[in-house]
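Have a look at the structure below before the remarks.
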Amino acid sequence: MMRRIAVLDAPSNLGLRPPTFTSVPGCAKAPGALRDQGLLPRLRARDAGCLTSPRYDAGDWRPGDGVCHAREIADYSAALADRIGALIDRSEFPVVLGGDCSILLGSALAMHRLGEAVGGRIGLVFVDGHSDFRHPGNASYVGAAAGEALALVTGRGQADLAAIEGRRPYFRDIDVVVLGIRSHDEYRLDLQAAGIITRPVPTLRAEGAARSAQWAHEQLADCAGYWVHVDVDVLDPAVMPAVDAPEPGGIAFAELEILLAGLVDTPHCLGVELTVFDPDYDPDGAYAAEIVNTVVAGLRPVTAPGSVPPRLRARAERAAPAPRHPTDRPATPPAPGPGSSGPGSPGPGLLGAGSAGPGSPGAGSAGPGSSGLGSAGPGSSGAGSAGPGLAGLGSAGPGSSAPGLLGPGAETAGSPAEQLTQSTFDDQDRPEKAGSNDGNPAQDGHDPVADESDLDGTGDPAEESSVRRPHPAA
């Protein structure tokens, strides 16, 4: 069975402050700009439509009033969770196009509902240039939900956003992995005190994007699945200035491609959201084209055979119509046509244990001339291909022998689901980390994070960057 990608637009800009007194955040235009670059046909994705956002109007909001647009964000999040849940019920792979980071609340609510339905916990891989961890416990006031998104989905903050439907937290602290924040992030010590594990850019680059993806898998081994949040400001402003708050010291497009491919190259990845791209800073569409190239290459492993987690597949099969009674069958079955699988083969939407679609390659197959998982030929399920001309740490050009995205023992997208270890799907509690959010969101009593040395400037796009704007979510 292969998962089809379904692209859903979530063009909400409600979580950001206005860039000026007379304008609104432009990230609401991002889904249209990415579609204009051919995202859907290149992904061969189903168009899952658009969930229109409420009107942006801060009105007379003042500091101390709580999160701006809170009621609208809560309503939008519940509706977005409905749409994402419906896609997963169809065994599709949602790709949600934001919008700002407040759309994470809708995804998080959908994941909490799903975890409850399958009897397991769902995790979060948070790929972002900022921790978005501001909350009343570490800030004098809150206001822009995009700058508080991770805090809210881990149960910190006002209840109308952090506890929609009485669910709190949507993700437990021990089920969150943060990748790509800067080593000087304002709330990095609060993350450490909460027990939320992080891999800032210097460490991510030192370890490599492929190994970092595998590391994230391992941290969430006790979860039944996980959601991936990608804020494009994880990229360095030298290559991606079209965001609301560019922060020097980010990664390159090729690194994001490899990281994304490694994260989705497992049946445990349930979907991806993309946030904060602002077409107002991209008048000729060049940055939109780069994002689309990266997303298309990074999502190649999603449609590989065997990419539906067993629990979720079982749930989908239970919801499928019952087979016809034997007496309803034609007396003489029609002869199989060209390309049919013959008697006894599974019908559409049904898959025998460990079977794969016709012509699907085994894990790690590579196109002609390539010598590793760093490049994938047509139809292959090798992850981490790098488009021609892409350069950066960890990137692999045609014919290169870049290391594979998944380490030994990791599941590849082409693996039979039945070969996954059962412990992956058991709801076993991992040892609680100090300060976790199970009933105690306190942020005190932490030790300082060890300083991480920056790498050599070689290949670091930050060296060319001087772009910086105040964070509208601040």
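Taking the Cα centre as origin and putting +1 on Lys and Arg beta-carbons and -1 on Asp and Glu beta-carbons, what dipole magnitude results for the stretch 4-310, to the nearest 20 debye? Magnitude of the dipole: close to 640 debye. Each peptide in 125-132, 54-61 receives the mean, over its residues, of other Cβ atoms within 10 Å, and ordering these scores from highest gives 125-132, 54-61. Packing here is the average count of other Cβ atoms within 10 Å per residue, and on that basis the peptides 100-107, 283-290, highest first, run 100-107, 283-290.
Can you pull the Kirkwood radius for the stretch 194-258, inverse mean 1/r over Cα pairs, to one decimal in Å?
One decimal place: 13.1 Å for the Kirkwood radius.
For the stretch 117-164, the fraction of C-alpha pairs farther apart than 13 angstrom is 59 percent.
Working from the Cα coordinates of the stretch 1-160, the gyration tensor eigenvalues give, after taking √(5λ), semi-axes of 27, 20, 13 Å in decreasing order. A protection proxy built from the mean count of other Cβ atoms within 10 Å ranks the segments 255-264, 62-71, 108-117, most packed first, as 255-264, 108-117, 62-71. Counting only Cα atoms, the stretch 4-310 measures 52, 46, 39 Å along its principal axes, largest extent leading.
Geometric descriptor of the stretch 110-215, per residue, is 101 Å³ (volume of the convex hull of the Cα atoms). Computed over the stretch 171-296, the quotient of the alpha carbon radius of gyration and 2.2 N^0.38 Å is 1.05.
Values quoted throughout were computed directly from the atomic coordinates according to the rules given, and no laboratory measurement underlies them. The shown structure was predicted, so the numbers you read here are calculated from the model rather than taken from an experiment. FYI the Cβ positions are ideal-geometry reconstructions off the backbone, even for glycines, and counts take in every protein chain you see.
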